[in-house]
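Reading through the structure tokens given below for one structure.
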Amino acid sequence: MRWIKSIICVIVIGFFAFGAIINAQVDRNQKTDYKTIKLMSYNLKFASPTFEPSWEVRREMQVDMIRKYSPDIIGTQEGLKEQIDYLMDHLPEYVVIGEGRKGGDDDEHMAIFYKREKFRLREMQSFQLSKTPAIIGSGPEINPRMVTWVRLATINRPAKGETSSYPQDYRGHWENTQEFYLFNTHFFDRDNQEMARVNAAKLIMTRINALGRFGPWTKERPVFLLGDFNSKPDGEVYKIFVGDDNSSEQNFLKDSIEGGLGIDWILHNGNLKVTHYEKVDYNVDGTYPSDHKPVYVEIQILD
């Protein structure tokens, strides 16, 4: 009887060991097949003294909504200094970059929030949507428009019990680096500014298409474009970004939802797969924290 019990123990142990190997292989494949980035584009609605509910009421709702969704990166529009500072103070897990449309803290910000534990900032710039993009604050005297953009790298830390992909004396260049670009903007909003929106879209596409590979040893970096474009998906602005059935060029972006929706978009290009799209319907007893609903997207970066 003793030898029968021994055989049973060996079989049971072998079964669990085999299961552990299979699970480990599945987990490893899931980790190496892709990386997922959670993006949110959100027009905060500037702290207008005539808008109800007031910012003092809306601000806690916005923090709660962001905490519930926990996006890795948020592209915000319309935030004034006090709004950006409040969100920064109450969301310490994020790094905040960006300045006002007239420079420094003046006017509305095109701020980008990103999780400090997930990304390292490689590059940060802004440009004006005007005839002189390099001159901050240029464009219309009232409501000038701009773009804030970053180049981020994922922080590649090994999970507990795993070996780092970087040897101790690592001196390579880009072998283990996943980088991407992210642009955040807010377009002109008046009915008579359609040409300004069209020219802004052309300028942004020129800047995006200029972002080639750093060198022959690097892989092409994905690009994300977030914003409030004050234009519908059936318009000229959308066609400049994503093309149409008659377009022959190949350097277009893709929308996170087929056919587009509303005026707030998250566009992208690269070896990517959208796994989730949501127009966030967050409210408290019918009260919304902004006059815009955030767009929330989960995207896999495929290798």
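Being in contact (Cβ under 8 Å) with a residue 12 or more places away in the chain and farther than 21 Å from ILE37 by Cα is the filter here; which residues of the stretch 161-195 pass it?
HIS173, HIS186, PHE187, PHE188, ASP189, GLU194
Suppose we filter ARG157, ARG101, ARG120, ARG116 for residues that are of a type in the set (D, E, K, R) and under 30 Å from MET195 (Cβ atoms); which single one remains? Break it down into steps so the answer makes sense when it comes.
On the way: ARG157 fails: under 30 Å from MET195 (Cβ atoms); ARG120 fails: under 30 Å from MET195 (Cβ atoms); ARG116 fails: under 30 Å from MET195 (Cβ atoms).
Criteria check complete, one pass: ARG101.
Taking the stretch 146-168 as the search range and keeping residues that are in a loop (DSSP other than H, G, I, E, B) and among the hydroxyl-bearing types (Ser, Thr, Tyr), which one is surrounded by the fewest Cβ atoms within 10 Å (Cβ to Cβ)?
Taking the stretch 146-168 as the starting set, the residues that turn out to be in a loop (DSSP other than H, G, I, E, B) are 155-168.
Going one step further and asking which of them are among the hydroxyl-bearing types (Ser, Thr, Tyr), we end up with 163-166.
Details: THR163: 8, SER164: 11, SER165: 10, TYR166: 15.
Within the stretch 146-168, the match that is surrounded by the fewest Cβ atoms within 10 Å (Cβ to Cβ) is THR163.
Looking for whichever is under 28 Å from VAL63 (Cβ atoms) and of a type in the set (Phe, Trp, Tyr) here; the options are PHE252, PHE224. Which one fits?
On the way: PHE252 fails: under 28 Å from VAL63 (Cβ atoms).
The unique qualifying residue is PHE224.
Given the criteria assigned to a loop (DSSP other than H, G, I, E, B), at pLDDT below 90 and closer than 20 Å to GLN125 by Cα, does ARG171 qualify? Spell out the reasoning first.
Details: assigned to a loop (DSSP other than H, G, I, E, B): yes; at pLDDT below 90: yes; closer than 20 Å to GLN125 by Cα: no.
Judged against the criteria, ARG171 is not a match.
Can you tell me which residue is surrounded by the most Cβ atoms within 10 Å (Cβ to Cβ) among those in the stretch 199-236 that are closer than 19 Å to LEU267 by Cβ and either hydroxyl-bearing (Ser, Thr, Tyr) or more than 23 Å from the chain's Cα centre (by Cα) (or both)? Break it down into steps so the answer makes sense when it comes.
Initially, the stretch 199-236 is screened for residues closer than 19 Å to LEU267 by Cβ, giving 199-212, 220-236.
Among the residues that remain, those that are also either hydroxyl-bearing (Ser, Thr, Tyr) or more than 23 Å from the chain's Cα centre (by Cα) (or both) are: 199, 206, 231, 234-236.
Details: ASN199: 17, THR206: 10, SER231: 24, ASP234: 10, GLY235: 17, GLU236: 12.
Residue satisfying both the conditions and the ranking: SER231.
Please enumerate the residues belonging to the stretch 174-204 that are among the hydrophobic types (A, V, I, L, M, F, W, C) and part of a strand (DSSP E or B). Don't jump to the end; show me each part of the working.
Pass one, the stretch 174-204, residues among the hydrophobic types (A, V, I, L, M, F, W, C): 174, 180, 182-183, 187-188, 195-196, 198, 200-201, 203-204.
Answer for the stretch 174-204, where residues must be among the hydrophobic types (A, V, I, L, M, F, W, C) and part of a strand (DSSP E or B): PHE180, LEU182, PHE183.
Which of (1) under 21 Å from VAL223 (Cβ atoms); (2) under 13 Å from the mean Cα position of the chain (by Cα); (3) not β-branched (Val, Ile, Thr) does SER70 not meet, given it meets every other one?
Condition not satisfied by SER70: (1).
List every residue pair whose Cβ atoms lie under 9 Å apart, where the two residues are 6 or more positions apart in sequence or sit on different chains, the first residue falls within the stretch 274-288 and is without any contact (Cβ under 8 Å) to a residue 40 or more places away in the chain and closer than 14 Å to ASP264 by Cβ, and the second residue, located anywhere, is among the aliphatic types (A, V, I, L, M) and part of a strand (DSSP E or B).
Here the result reads TYR277/ILE266; TYR277/VAL295; TYR277/VAL297; GLU278/VAL295; GLU278/VAL297; LYS279/VAL295, each pair linking the stretch 274-288 to a residue that is among the aliphatic types (A, V, I, L, M) and part of a strand (DSSP E or B).
So TRP265 passes all but one of these: (1) under 25 Å from GLY139 (Cβ atoms); (2) aromatic (Phe, Trp, Tyr); (3) at pLDDT below 95. Which condition number does it fail?
Every listed condition holds for TRP265 apart from (3).
Can you find a residue that is closer than 22 Å to TYR42 by Cβ, in contact with a strand residue (DSSP E or B) (Cβ under 7 Å, 6 or more places away or on another chain), of a type outside the set (Ser, Thr, Tyr) and free of Cβ contacts under 8 Å to residues at least 40 places away in the same chain anywhere in the stretch 202-210? I'd like the intermediate steps shown before the answer.
Restricting attention to the stretch 202-210, the residues satisfying the condition of being closer than 22 Å to TYR42 by Cβ are 204, 208.
The next check asks that each one be in contact with a strand residue (DSSP E or B) (Cβ under 7 Å, 6 or more places away or on another chain); those that pass are 204, 208.
Still in the list and also of a type outside the set (Ser, Thr, Tyr): 204, 208.
Keeping just the survivors that are free of Cβ contacts under 8 Å to residues at least 40 places away in the same chain gives none.
Among the residues of the stretch 202-210, not one is closer than 22 Å to TYR42 by Cβ, in contact with a strand residue (DSSP E or B) (Cβ under 7 Å, 6 or more places away or on another chain), of a type outside the set (Ser, Thr, Tyr) and free of Cβ contacts under 8 Å to residues at least 40 places away in the same chain, which makes the answer no.
Identify the single condition in (1) at pLDDT below 90; (2) of a type outside the set (D, E, K, R); (3) within 29 Å of GLU108 (Cα to Cα) that LEU203 does not satisfy, given that it satisfies every other one.
For LEU203, the failing item is (1).
Go through the stretch 240-258 and give me each residue that's more than 18 Å from ARG207 (Cβ to Cβ) and either in a helix (DSSP H, G or I) or out of contact with any helix residue (DSSP H, G or I) (no Cβ under 7 Å at 6 or more places or on another chain) (or both).
Keep residues of the stretch 240-258 that are more than 18 Å from ARG207 (Cβ to Cβ), which gives 244-248, 255-258.
Correct list: ASP244, ASP245, ASN246, SER247, SER248, SER256, ILE257, GLU258.
Among the residues of the stretch 57-77 satisfying the criterion of being farther than 21 Å from GLY100 by Cβ and of a type outside the set (A, V, I, L, M), which is surrounded by the most Cβ atoms within 10 Å (Cβ to Cβ)?
The selected residue is PRO71.
Considering only the stretch 270-294, state which residues are surrounded by fewer than 16 Cβ atoms within 10 Å (Cβ to Cβ), assigned to a strand (DSSP E or B) and in contact with a strand residue (DSSP E or B) (Cβ under 8 Å, 6 or more places away or on another chain).
Passing the criteria: LYS273, THR275, HIS276, GLU278, LYS279.
So for the stretch 176-186 (the condition being at pLDDT 90 or above and among the aliphatic types (A, V, I, L, M)), does at least one residue qualify? Break it down into steps so the answer makes sense when it comes.
Pass one, the stretch 176-186, residues at pLDDT 90 or above: 179-186.
Filter again for among the aliphatic types (A, V, I, L, M), leaving 182.
Yes.
Out of LEU91, LEU80, I need the residue that is surrounded by fewer than 20 Cβ atoms within 10 Å (Cβ to Cβ), within 18 Å of the chain's Cα centre (by Cα) and either at pLDDT 95 or above or on the phi > 0 side of the Ramachandran plot (or both). Which one? Can you show your working first?
Values: LEU80 fails: within 18 Å of the chain's Cα centre (by Cα).
That would be LEU91, the only listed residue that is surrounded by fewer than 20 Cβ atoms within 10 Å (Cβ to Cβ), within 18 Å of the chain's Cα centre (by Cα) and either at pLDDT 95 or above or on the phi > 0 side of the Ramachandran plot (or both).
The values are calculated or read from the model by the stated rules, or taken from the named source; none is laboratory data. Just so you know, these numbers come straight off a predicted model, no measurement behind them. Glycine also receives a Cβ, built like all others from the backbone with ideal geometry; neighbour counts cover every protein chain displayed.
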